[in-house]
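Encoded as structure tokens, the structure appears first; notes follow it.
The values are calculated or read from the model by the stated rules, or taken from the named source; none is laboratory data. All figures in this text were calculated on a predicted structure; none of them were measured in a lab. In this analysis, Cβ positions are derived from the backbone assuming ideal geometry, glycine residues included, and neighbour counts consider all displayed protein chains.
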Amino acid sequence: MNMPDYTIPLVVAIPLLGAFLTPLVSRINDKLRNVFVIIVLALNALLVFLLASDILTTGIKTYVFGAKDLTYPIVRILFEVDAMSIFMAIISSILVLAAVTYSWAFMKENTGLDKYYTLILLLTAGMLGMVFTGDMFNFFVFLEITSIASCALIAFWTDVGESVEAGFKYIVISATGALFVLFAVALLYGQYNALNIAQLSSVIQYTFLDKIALVLLIVALAMKAGIVPMHMWLPDSYGSAPSTISIVLVSATLASLYGVLRVVFTLYGNALSTIANFDISVNVFIGWFIVALAVISIIVGVTMALIQSDFKRLIAYGAVAEIGYMFLGIGAGLTALGTAYGRTALNGGIFHIMNDALDVGLLFLVAGAIYYATRERSLDRLGGLARNMKYTTAFFIIGLLAVAGMPPLNGFASKILIYESTFQLNPILAIVAILCSILLLAVFVKVFHSAFMGPQLPKYKDVKEVPRSMLFVMGVIACIIVFIGLFPEFVINNVVEPAANALVGYSEYVSQVVAGGI
Amino acid sequence: MAILETSETVLRIILGTVGVAIFGILFGLLYKGIDRKISAHMQGRIGPPIIQPFRDVKKLFVKENIVPENAIPWIFNLVPLLGLAATISILIYLPIGGLSPIMSWGGDLILILYLLIFPSLALVIGGFSSGSPYAIVGAQREMATMIAYEFPLAIIIISLAWKLTQMGSENVFALSTIVGNPIWNNITGPLGFIGFAILLLILVIVTPAELSKIPFDAPEAETEIAGGLLVEYSGRNLAMFYLTDAVKTVVMASIIVVLFFPYNLSNLPLLGLESGSYLAYAADIIFYLLKVFLVILFSVTLIRVAIARLKIDQIVYTYWIPLTLLSLVGLIFIMWDGFIMNVLGLA
Amino acid sequence: MFTVETGSGFWNPIIWAIAIFVAFLLIYILRSFGKKEYKKDTEQIKSFLSGNPEYEKEKMHVKASNLYWGFTTSLKGLYTILRRMHTGNTSDYVLWFVIILAIFLLIEVL
Amino acid sequence: MIYNIPYIAVAALVLIGLYALVFKRNLIKLVIGVVLIESGVNLFLIILGYREESIAPIYTSSPGGVMSFPVPQALTLTSIVIGVAVIALMLSLVIHIYRHYGTLDVRKVRRLKE
């Protein structure tokens, strides 16, 4: 379907407007507010899907705020949406919609829910803005909106010390990270007098200052994406936030990962094949750095997850390892840019973004369901719940097998792409990846045992299955996981491959804005 | 036309699965009987008759199938089935004798590596779900063993694939490629030979752990935790696990044969067999069964009789430190094989 | 159709799904030949504890932290380092950021 | 040399801010560290837009002459506004932490570790 150009700002504007309307609607009725938020986000998701079908068939779409023509001085902000952006937007919309629907029953007993929903909508606007924007400063602004909203949501349960602590840690880390992003943006602006990604990309020289800007951008955004050893805030905040927020945070984290991709592949796309030092070209240089961090992330993530006893912290460490897999695929793809296996690795990394978001999201929802039913988060005190909560158990099994990458679920499809390409870069990478995938299985089997199996504990005798709305959300995500698992080729050809093309073919992104391209 | 082809493929899968299921179960039990007989002779006993495993299964089928009160019935009953089904599904990807695999383009070595996890996972989850402390201790030991031996196993598979990539092959993880290019033919120098020999040795040591046989049988350990993860299983559920073990033995031995000894008798000009004739197929299958038998003899029977059980932390240590280092040495040898030869100007 | 091709291998979920379904069906039929009843509400269904009396249910459940003892013990060295690394101190979080930034800057700029 | 002084100030502000974040124990001082980094970055943006002997870029009542670049100033304004929000949030969280932990020592506010 052919969507008009103004759909793009609309996708960001609808949640933003909804955010400011929520407190007003909340005055009328609590139920009405819940319905309102769900409708706003469902509408938004629908728009994203329509936009996706359009962009995947016709190509990049842009929308200009301000000056339409290129006469000096250019005062304008640009939204530029390509297949990669829309890929991330689809993931964010699904997760946020799931979180909001799940919140209906899950957060029912909390007060201050108008603020809660307002913040979720703001966070959504921030995330979608991050992935849609074509302007570096605008990216920083959306990054900050996302951070502030996430921080407030992490610390939503202010009556618990840990939540507040996690919120404080998160805001310190993200404020520092975001300020370094701004510093890098200023460095680029100072040299080229441009803020637009496409314009910058067409003129970038890879000077000394550009190198510094690149390092600042990659490290700051990688920290916000949760790469070891800058991951420590991630288990803290994922673990202490309400479960619904944890899954929104997953997609916020992935939006930062998108930032890394955009910076490396598009902003510096022109400079990637220039020679850096020691006769090594830039893409190999950065690629190996990312691969090294990714391998450390995978190892540290799984080994730390193995000794956790808090359910949500455990999943969070699992998520760190999964982020490592994405960066492994992407880093290998960057290092071997232009080769066939490099392309497979890049596909695997991008495909894994989607799979990880769904798998980890489902596990967080299961953790939320258990917390809802038992008010207990420590795995040491749980047990025997498979008798009382049959459906939740079934969804957990799907999540467990998917996150550990067991066939025939979606995790396997993306991991096999990563294994069977990275080994050509270096065999050790694939070995570590396979091994840690099995460790991840062990980690979640431990959860399976301690939460769901064992004798019927007397204190959990009367535990009931969670309400239907929560089961429905988990069921839908589980169905998507199984579908992607059974038809991975369909998803790869239709969504992942265009996204990877969009990253590698940065000149198309540039030529949409700068006449003539490169 | 497409529908016809699709339905033909589906029929092929269905019939093939039935075929390999029967093959796997029959020969698995047979090899189990032979294994018991030989180990009895080595210990100076007479031992049971070779068809004893068949009788065991038959007996288990008429025994009561008890579900203990601490167990979770649906998981407890489901996992033995899934474990056996997954083990049988591995066989459709493996070449048997001179026949090519039933589904040669449906899956590769990485898939087999993952499918091999399923039976162990079934044991682990079955053990956990039975709710007995003995079973739980056994299950966690099985899980630790699994992680432990997966490290050297991954190194072996990746090294083989890497070597084949260097030789310029495509689809290096596909079993048809591996069978088509036997690794011993790809060696450029002695270093490579040593490397592959080390990997073969490691794979032989990994096998008993994969099959939870002595000395890596800490998960079952009859003498200390009373059968471990199987302690609560009885009747037909136990029979399922018994069959899984039997089929898995054939699978593991077949994998070693495929990776390291994929040669066939029918190609020997000495025998003068027409390729494609029934005689050639028969010769290949008999030769294949013989190879599987030899592998089982070395990696299961001999090791089992000769060595005592290790503690669980010793198992993890053995696999992660000495064996992993050794297999990494093998990998490095293979990686340097051609390189060193070039440097020395020998190639 | 339905096959993911990686260039080094392939994976077809549908074939595997059919195969495992057939195998499952076959085994299910085989299994149904076995005896399925047992004596409920007797001593049979109690856990086997080598004749020891059964503890209360809470104690019968092995705790999450005690699971994988064998694994964590054999990797004690690694875990000591990792535990020391995760201090939970906000300043250390920023310190790690500065360290990685410095390392990357050094490599990149040199 | 004189033209480099602002850049030195930027470097100094950022580094002092990082120093405060890493080595200071009081949570309030951590917040001050973030504020210092932010001021440094803002100052940097402003310097970028400055031209010698330029006037404020207000077109309507311009007396004529060289104007500084307006874009960095707009960016700085946005950045300051965001900074205010972040710092307000941080300080409110510090208040909550003090309520729960009874201390502002960053080394004692670590129930979440490992």
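Every residue in region A:152-171 that is assigned to a loop (DSSP other than H, G, I, E, B), at the interface with chain D (Cβ under 7 Å from one of its Cβ atoms) and within 23 Å of the chain's Cα centre (by Cα), please.
Residues of region A:152-171 that are assigned to a loop (DSSP other than H, G, I, E, B), as a first pass: A:155-160.
Narrowing the set further to residues that are at the interface with chain D (Cβ under 7 Å from one of its Cβ atoms) leaves A:155, A:158.
Hit for region A:152-171 is A:ALA155, nothing else.
Can you confirm whether A:LYS464 is of a type in the set (D, E, K, R), on the phi < 0 side of the Ramachandran plot, touching a residue at least 40 places away in the same chain (Cβ under 8 Å) and surrounded by 24 or more Cβ atoms within 10 Å (Cβ to Cβ)? It would help to see each step written out before you state the result.
Values: of a type in the set (D, E, K, R): yes; on the phi < 0 side of the Ramachandran plot: yes; touching a residue at least 40 places away in the same chain (Cβ under 8 Å): yes; surrounded by 24 or more Cβ atoms within 10 Å (Cβ to Cβ): no.
Taking the combined requirement at face value, the residue does not satisfy it.
Among the candidates B:LEU310, B:LEU328, B:LEU323, single out the residue that is in contact with a Pro (Cβ under 8 Å, 6 or more places away or on another chain), modelled with pLDDT of 70 or more and either closer than 17 Å to B:ILE194 by Cβ or within 14 Å of another protein chain (Cβ to nearest Cβ) (or both). Quick ask: steps written out before the conclusion?
Numbers: B:LEU310 fails: modelled with pLDDT of 70 or more; B:LEU328 fails: in contact with a Pro (Cβ under 8 Å, 6 or more places away or on another chain).
Criteria check complete, one pass: B:LEU323.
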Identity of the residue in region D:98-114, surrounded by 15 or more Cβ atoms within 10 Å (Cβ to Cβ) and closer than 13 Å to D:LYS29 by Cα, that ends up nearest to the other protein chains (Cβ to nearest Cβ): D:VAL106
Looking at region A:404-427, I want the residues that are more than 16 Å from A:ILE438 (Cβ to Cβ) and facing chain C (nearest Cβ under 7 Å) and have a partner that is crowded, with 24+ Cβ neighbours inside 10 Å and of a type in the set (Asp, Glu) with Cβ atoms under 9 Å, at least 6 apart or on another chain. Which pairs are those? A:GLU420/B:ASP108
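Yes/no matrix, rows are residues, columns are (1) away from chain D (no Cβ under 14 Å); (2) more than 25 Å from D:LEU36 (Cβ to Cβ):
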{"position": "A:ILE173", "(1), (2)": "no, no"}
{"position": "A:ALA184", "(1), (2)": "no, no"}
{"position": "A:ASN193", "(1), (2)": "no, yes"}
{"position": "A:VAL215", "(1), (2)": "yes, no"}
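Given the options D:PRO72, D:PRO63, name the one that is modelled with pLDDT under 90 and in a helix (DSSP H, G or I).
Working: D:PRO63 fails: in a helix (DSSP H, G or I).
Exactly one of D:PRO72, D:PRO63 is modelled with pLDDT under 90 and in a helix (DSSP H, G or I), namely D:PRO72.
It is to be established whether one or more residues within region A:199-213 are more than 8 Å from chain D (Cβ to nearest Cβ) and either in contact with a Lys or Arg (Cβ under 6 Å, 6 or more places away or on another chain) or closer than 29 Å to D:LYS29 by Cα (or both).
Of region A:199-213, the ones more than 8 Å from chain D (Cβ to nearest Cβ) are A:199-213.
Then keep just the ones that are either in contact with a Lys or Arg (Cβ under 6 Å, 6 or more places away or on another chain) or closer than 29 Å to D:LYS29 by Cα (or both); that gives A:212-213.
Yes, because at least one residue in region A:199-213 is more than 8 Å from chain D (Cβ to nearest Cβ) and either in contact with a Lys or Arg (Cβ under 6 Å, 6 or more places away or on another chain) or closer than 29 Å to D:LYS29 by Cα (or both).
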From the list D:GLY33, D:GLY49, D:GLY83, which residue is surrounded by 17 or more Cβ atoms within 10 Å (Cβ to Cβ), within 11 Å of another protein chain (Cβ to nearest Cβ) and within 20 Å of A:ALA194 (Cβ to Cβ)? D:GLY49
Of the residues in region C:65-110, those that are farther than 26 Å from A:CYS436 by Cα and of a type in the set (Ser, Thr, Tyr) come to C:THR90, C:SER91
Which condition number in (1) surrounded by fewer than 18 Cβ atoms within 10 Å (Cβ to Cβ); (2) under 24 Å from C:PHE33 (Cα atoms) is the one that B:ILE25 fails? (1)
For region A:345-352, state whether one or more residues are surrounded by 24 or more Cβ atoms within 10 Å (Cβ to Cβ), within 14 Å of chain C (Cβ to nearest Cβ), more than 16 Å from the chain's Cα centre (by Cα) and under 21 Å from A:ILE218 (Cβ atoms). yes
For D:VAL41, are the conditions met, namely being buried (at least 21 other Cβ atoms within 10 Å of the Cβ) and touching a residue at least 12 places away in the same chain (Cβ under 8 Å)? yes
For region B:177-193, which positions are in a helix (DSSP H, G or I) and in contact with a helix residue (DSSP H, G or I) (Cβ under 9 Å, 6 or more places away or on another chain)? B:THR177, B:ILE178, B:VAL179, B:ILE183, B:TRP184, B:ASN186, B:PRO190, B:LEU191, B:GLY192, B:PHE193
Looking only at region B:72-93, decide whether some residue is in contact (Cβ under 8 Å) with a residue 24 or more places away in the chain, over 25 Å from C:VAL22 (Cβ atoms) and not hydroxyl-bearing (Ser, Thr, Tyr). yes
Tell me which residues, restricted to region D:75-112, are of a type in the set (A, V, I, L, M, F, W, C), in a loop (DSSP other than H, G, I, E, B) and touching a residue at least 12 places away in the same chain (Cβ under 8 Å). D:LEU104, D:VAL106, D:VAL109
Tell me, which helices (runs of 4 or more DSSP H) wholly within region A:191-291 include 2 or more residues that are touching a Gly at 6+ places or on another chain (Cβ under 7 Å) and small (Gly, Ala, Ser)? A:197-203
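Could you tell me whether region B:146-163 includes any residue that is under 21 Å from B:PRO119 (Cβ atoms) and of a type in the set (D, E, K, R)? Don't jump to the end; show me each part of the working.
Initially, region B:146-163 is screened for residues under 21 Å from B:PRO119 (Cβ atoms), giving B:146-154, B:156-157.
Keeping just the survivors that are of a type in the set (D, E, K, R) gives B:150.
Looking through region B:146-163, at least one residue is under 21 Å from B:PRO119 (Cβ atoms) and of a type in the set (D, E, K, R).
Which one of A:ALA394, A:ALA373 is within 30 Å of B:PRO73 (Cβ to Cβ) and either surrounded by 24 or more Cβ atoms within 10 Å (Cβ to Cβ) or out of contact with any Asp or Glu (no Cβ under 8 Å at 6 or more places or on another chain) (or both)?
On the way: A:ALA373 fails: either surrounded by 24 or more Cβ atoms within 10 Å (Cβ to Cβ) or out of contact with any Asp or Glu (no Cβ under 8 Å at 6 or more places or on another chain) (or both).
It is A:ALA394.
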Considering each of A:ALA252, A:ALA186, A:ALA222 in turn, give the residue that is crowded, with 22+ Cβ neighbours inside 10 Å, modelled with pLDDT of 90 or more and over 29 Å from A:ILE91 (Cβ atoms). A:ALA186
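How many residues are more than 7 Å from every other protein chain (Cβ to nearest Cβ) and either touching a strand residue (DSSP E or B) at 6+ places or on another chain (Cβ under 6 Å) or crowded, with 19+ Cβ neighbours inside 10 Å (or both) when one looks only at region C:14-33? Quick ask: steps written out before the conclusion?
Narrowing region C:14-33 to residues more than 7 Å from every other protein chain (Cβ to nearest Cβ): C:21, C:25, C:29-30, C:32.
Still in the list and also either touching a strand residue (DSSP E or B) at 6+ places or on another chain (Cβ under 6 Å) or crowded, with 19+ Cβ neighbours inside 10 Å (or both): C:30.
Of the residues in that region, 1 qualify.
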Restricting attention to region B:129-143, and to residues there that are facing another protein chain (nearest Cβ under 7 Å) and of a type in the set (S, T, N, Q), which single residue is farthest from A:VAL443 (Cα to Cα)? B:SER132
